[in-house]
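Okay, structure first, notes after.
All of the numbers you see were taken from the coordinates with simple rules; none came from a lab. All of these numbers come straight from a predicted model, not from anything done at the bench. Positions of Cβ are generated from backbone atoms using ideal geometry, with glycine treated the same way; all protein chains shown enter the neighbour counts.
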Amino acid sequence: MRIDVLTLFPNMFKGFLEESIMARAIKNSLVEINLIDFREFSNNKHHKVDDYPFGGGAGMVLQVQPVYDALTSIEGYKEALKIMVSPQGETFSQNKAYELSTNKHLIILCGHYEGYDERIRDYFDLEISIGDYVLTGGELAAMVLIDAITRVKPNVINKDESHLNDSFSDNLLEHPHYTRPREFMGKEVPEVLLNGHHAHIEKWRYDQSLKRTKERRKDLYKKHKGGKNLE
């Protein structure tokens with residue numbers, strides 16, 4: 001998979017791409033990440049990429065010209081799935097991460113300032129939001145997308161680290177986890193996890209996931225139960 005990121009702050013991605021699973025995926029050629037500073041495509045002598053909004057109002061608006069020129073400079077941009085990160089977009093989810101992971105080429109635009117010139121939207125296929133809050137820029141949102149999408153690609157995570165049982169994969173939150181020591185400050189690991197009976201362990205984990213989801217995320221609990229209005 002190839003992911004091109006249009007950004008004004010490519011250095012923000014440095015640590016993210018050089019550590020942990022992302023670094024391993026890049027090293028093993030499972031994903032290719034290209035950072036494109038679209039300020040370099042500004043036709044303004046001062047390399048400005050924003051201007052005052054027509055009609056007045058607070059803040060500055062991201063101009064269409066540098067974004068368009070940066071986008072069209074990317075080889076294969078017409079065939080790529082082009083994404084804007086935006087608080088107005090579809091809310092990102094685990095299912096969306098799986099869906100997007102099947103694409104060979106993604107282009108992600110990181111916004112800034114008060115918003116996008118509306119005409120920028122004409123050149124992108126979809127908008128994605130990572131939640132109902134506002135960030136200073138789209139770089140953090142883009143990293144969230146890249147991480148979530150990359151980790152579900154085949155061979156990025158090995159079987160012992162499988163993403164298949166992650167929270168949200170089946171509309172359930174994950175069950176509680178325990179490790180050594182068996183006892184800490186009077187609190188002990190549940191006995192069922194120590195007896196080696198795998199069927200009992202799996203049932204306990206499912207029951208705990210169900211209980212935790214019902215208590216904390218009734219919306220997911222309802223989805224898991226097939227949309228029934230359960231208490």
Most positive-pole-ward Cα, MET12, LEU35, ALA25, against dipole of segment 2-151 from beta carbon charges: ALA25
Dipole moment magnitude, nearest 20 debye, segment 175-231 about Cα centre, only Lys, Arg, Asp, Glu C-beta charged: 400 debye
From the residues GLN208, TYR123, TYR221, which one has its Cα farthest along the dipole of the chain in the positive direction, the dipole being from +1 and -1 charges on Cβ of Lys/Arg and Asp/Glu about the Cα centre? GLN208
For the Cα atoms of the chain, what angle does the longest principal axis make with the long axis of helix 139-151, in degrees from 0 to 90, nearest 10? 50 degrees
Would you mind estimating how fast segment 165-224 diffuses translationally, via Stokes-Einstein at 20 °C and 1.002 mPa s with the Kirkwood radius over Cα pairs, in µm²/s? 171 µm²/s
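Counting Lys and Arg as +1 and Asp and Glu as -1, each charge on the Cβ, what is the dipole of the chain about the Cα centre in debye, to the nearest 20? Before the final figure, lay out the partial values.
Details: 31 positive and 35 negative charges, 176 e Å.
Roughly 840 debye, rounded to the nearest 20.
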Among 175-183, 218-226, what's the highest-first ranking by average C-beta atoms within 10 angstrom per residue? 218-226, 175-183
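Arranged from highest to lowest average of other beta-carbon atoms within 10 Å per residue, in what order do the peptides 24-32, 129-137 appear?
Details: 24-32: 14.0, 129-137: 12.2.
Those peptides, ordered most packed to least, come out 24-32, 129-137.
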Among beta bridges assigned by DSSP with both residues in the chain, the antiparallel ones amount in percent, to the nearest 5, to 20 percent
Using 24 Å as the Cα-Cα cut-off, could you pick out the over-long pairs in LYS48/LYS78; LYS203/LYS225; LYS45/LYS78; LYS82/LYS218; LYS14/LYS45? LYS48/LYS78; LYS45/LYS78; LYS82/LYS218; LYS14/LYS45
Quick one: among ILE201, ILE107, ILE120, which has the greatest mean-square fluctuation in a GNM of the chain with alpha-carbon springs under 10 angstrom? ILE201
